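Below you'll find the structure, written out as structure tokens, and then a few comments.
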Amino acid sequence: MNGLGRELQTLAAWVEWPETPDVAPIVMERLAVPPPPRVRRAARRTAIAVALALVATILAVLAVPPARTAILDWLGVGGARIVRVDELPSLTPARDLRVLGARTTLEAARAQAGFRFADPPDGETAPDEVRVARGLRVSYVWLGGGGDVRLLVTQFPGSVGDPALLKKLAGESTVVERLEVDGDAAVWLEGGPHVALFLRPDGLVGEERGWLAGNTLLVDRDGTTVRVEGAVERSDAVDLVRAMRTDHSFEG
Amino acid sequence: MESRPLDEETVVARAKRGDATAYEELVRMHQGIAFRVALVAAGDPDDARDAVQDAFVKAYGALGRFRDGAPFRPWLLQIVANEARNRRRSAGRRARLALRAGAVVSGDAAPSPETTALAHERRDVLVDGLARLDERDREVLVHRFLLELGEEETAAVLGVRRGTVKSRTSRALERLRALVGEDVA
């Protein structure tokens with residue numbers, strides 16, 4: 001290195017570059033789409049992804065009411081498919097707990113449910129109610145002082161043949177972020193409303209309109225989708241899912 | 001959720017498997033140098049920012065073709081530079097150097113006021129000299145010395161062979177020396 005080269009190297013430390021913009025959030029938001037093709041060929045999730053793609057094409061026609069609503073991008077996790085659209089259907093939060101099925105005990109839920117699901121945390125953080133809908137959705141409900149739903153955890157099989165959550169419509173204002181919870185694929189939706197759409201056993205599209213106005217964490221855990229909804233921070237939702245164990249033997 | 005420090009090859013491998021958290025880590029790791037490379041190529045901070053965003057999105061789509069074990073940064077910076085140049089061309093701008101040598105540098109390396117004043121003059125001479133070089137000479141020196149890219153990275157960004165970077169650097173230094181002399185202090 002000659003003297004002029006060294007001078008230029010020194011000059012580098014003095015050059016005033018404009019401040020680097022943090023592009024990570026917008027890049028990750030734009031990447032809220034399926035993983036690269038190689039990944040989609042991998043293992044179990046392939047079947048889910050392909051099947052969902054087919055069904056959701058139909059759903060996109062059936063279930064997106066405003067004609068000018070455009071699907072901006074989407075990503076899938078477990079049995080859920082998240083579609084970002086430029087306009088959401090109107091939201092009327094459901095308030096009737098019966099939508100979540102009959103109230104039951106954890107033991108009875110294990111006997112009724114036709115899929116493997118995780119137990120709720122116990123002790124002080126145990127849910128106020130356990131509900132099972134048609135043996136295909138298990139919900140843990142935490143109630144607030146006025147009897148309103150404060151936090152909701154719903155589990156359902158990730159396969160398309162079940163009346164599982166098929167897709168969520170997320171508005172442009174919703175932050176959609178991929179993450180991992182103990183190695184399981186997960187998605188975090190924050191800051192905006194979203195609507196859940198289900199494929200019912202009769203083949204029609206069921207719709208769940210924003211149970212809670214809060215944030216949502218979806219985790220694909222061993223073929224079961226765990227959904228946490230409520231006014232929770234991401235870290236709390238993640239801790240909650242971590243505290244839920246799937247250690248009872250499944251006889252279904 | 002856990003953000004443990006991992007070597008880049010591992011992070012790249014995870015990103016290739018579709019781990020978005022790993023890819024975000026790569027974006028954060030490289031967005032600084034990516035922005036500067038884009039700025040040099042595009043000549044405009046807004047275009048540079050947009051080019052970097054597009055480049056990271058494109059790079060993610062192309063990860064499946066990224067060769068395992070290869071260095072990630074030259075591959076990425078090549079995509080960044082291409083995006084930035086395309087933006088500059090579509091905007092009909094010529095490449096121009098918009099460098100400014102600062103008067104203040106932070107940290108222990110800050111020289112005394114006297115040497116700062118002297119050095120500042122020399123810095124202005126160097127910047128002026130760089131600006132007077134033709135584009136081909138200037139870009140190789142800017143990438144090698146001001147952006148502190150290696151020869152391989154510079155070659156990737158400029159779309160030339162590594163040997164070409166070597167020879168161009170040598171010639172460009174000679175031409176700059178003819179303009180600014182050499183500081184003997």
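The values are calculated or read from the model by the stated rules, or taken from the named source; none is laboratory data. Remember, predicted model here, so these are calculated numbers, not experimental data. With ideal geometry, Cβ positions are generated from the backbone for all residues, glycine too; neighbour counts draw on all protein chains shown.
So for the stretch B:161-173 (the condition being modelled with pLDDT of 90 or more, out of contact with any Ser or Thr (no Cβ under 8 Å at 6 or more places or on another chain) and not in a helix (DSSP H, G or I)), does at least one residue qualify? Yes, some residue in the stretch B:161-173 is modelled with pLDDT of 90 or more, out of contact with any Ser or Thr (no Cβ under 8 Å at 6 or more places or on another chain) and not in a helix (DSSP H, G or I). Of the residues in the stretch B:151-160, at least one is without any contact (Cβ under 8 Å) to a residue 12 or more places away in the chain and at negative phi. The lone criterion from (1) more than 10 Å from the chain's Cα centre (by Cα); (2) more than 13 Å from chain A (Cβ to nearest Cβ) left unmet by B:R175 is number (2). Test B:R138 against the stated conditions and say whether it is without any contact (Cβ under 8 Å) to a residue 40 or more places away in the chain, out of contact with any Pro (no Cβ under 7 Å at 6 or more places or on another chain) and surrounded by 18 or more Cβ atoms within 10 Å (Cβ to Cβ). No; evaluated as a whole, the condition is false for this residue.
When B:S90 is tested against (1) within 14 Å of chain A (Cβ to nearest Cβ); (2) over 20 Å from B:H143 (Cα atoms), just one condition goes unmet, and that condition is (1).
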